[in-house]
Structures are given as structure tokens and as C-alpha cells.
1. With a 1.4 Å probe and all protein chains in place, put Thr46, Thr55 in order of accessible area, largest first.
2. What number, in percent, do you get for the relative contact order of the chain if the mean sequence gap of Cα pairs under 8 Å and at least 6 apart is divided by its residue count?
3. About its Cα centre, how strong a charge dipole does the chain have in debye, to the nearest 20, once Lys and Arg get +1 and Asp and Glu get -1 at the Cβ?
4. May I ask you to derive the FRET efficiency for Ser69 and Leu19 from their Cβ-Cβ distance with R0 = 35 Å, giving the value to the nearest 0.05?
5. So how tilted is helix 18-41 from the main axis of the chain? Cα-based, degrees 0 to 90, rounded to 10.
6. Tell me the label-point distance for the pair Arg88, Phe50, using the 7 Å Cα-to-Cβ offset, in nm and rounded to one decimal.
7. Give me the accessible area per residue for the chain, probe 1.4 Å, as a whole number in Å².
8. Could you give the length gained by full extension between Tyr97 and Lys58, i.e. 0.36 nm per residue of separation minus their alpha carbon distance, to one decimal place?
Amino acid sequence: MDELRKLLLHEVVSLYGPLQGQSIGAIIIPAFIGDFKKVLDGAETTDEVFEEYMTEDKKIHLILEGRKSLGAKGPRLEITGAVVNDKRLKLTEEHCYV
């Protein structure tokens, strides 16, 4: 999950610059991921879900995609895709589980 946060922070910093990007990213990234976790919690286990997020100034448009599956220890929440301003991020397994 930390890898996903780093990827998203990189995108935020590239749009806002280092100082403002770090500040904004520290607030919006956990909020967006936390909200998406709630969306995944409420999903059926077979559904692929997505949620769109946008910053107030509309500089960042984020689409998170994911699914809830059943694992050996109960439900697993998995982020399967992330798109920032029409740019699909390359996610690996380290990015995926919430």
C-alpha cells in the first residue's frame, strides 16, 4: 500500500511542485484511499468497482478500481487499477492490497 501512496504522491508533486504537492498529497491521498476502502468493504465479492475523486481545484482527477475477494483469512480488498488525469499507473502486487 505504501508503494501506491508513493506513486500517487509522485503524480501530485509533478502537478503542484515539491512543497505544495507534499502538503496536498499528505491530506488527499490517505483520504481518497480510505474512502475507497469503504467502497470496497461494501461491495459484493464478485463485483469490480471503481470510484472517481477530484481535488477542489480540479487539477487531479483520480479513478481507483478494485474488488473484494475471499481469502483464507476472510475478505481481501484489492486495488486493481489507478488512473490519474487519464494516465494509468502501473501497479504491482505491493500496490494492491488495502
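The values are calculated or read from the model by the stated rules, or taken from the named source; none is laboratory data. Treat the numbers as computed from the prediction; the structure is a model and nothing was measured. Note that we place each Cβ from the backbone using ideal geometry, even for glycine, and neighbour counts take in every protein chain shown. Each accessible area value is taken on the protein alone, full model and side chains, heavy atoms only, with ligands, DNA and RNA left out. Shrake-Rupley method; radii C 1.70, N 1.55, O 1.52, S 1.80 Å.
1. Ranked list, largest accessible area first: Thr46, Thr55.
2. Computed over the chain, the figure is 25 percent.
3. Around 200 debye, computed over the chain.
4. 0.35
5. 20
6. 1.0
7. Per-residue accessible area for the chain comes out at 62 Å².
8. Numbers: separation 39, 0.36 × 39 = 14.04 nm, distance 2.72 nm.
Additional length available on full extension: 11.3 nm.
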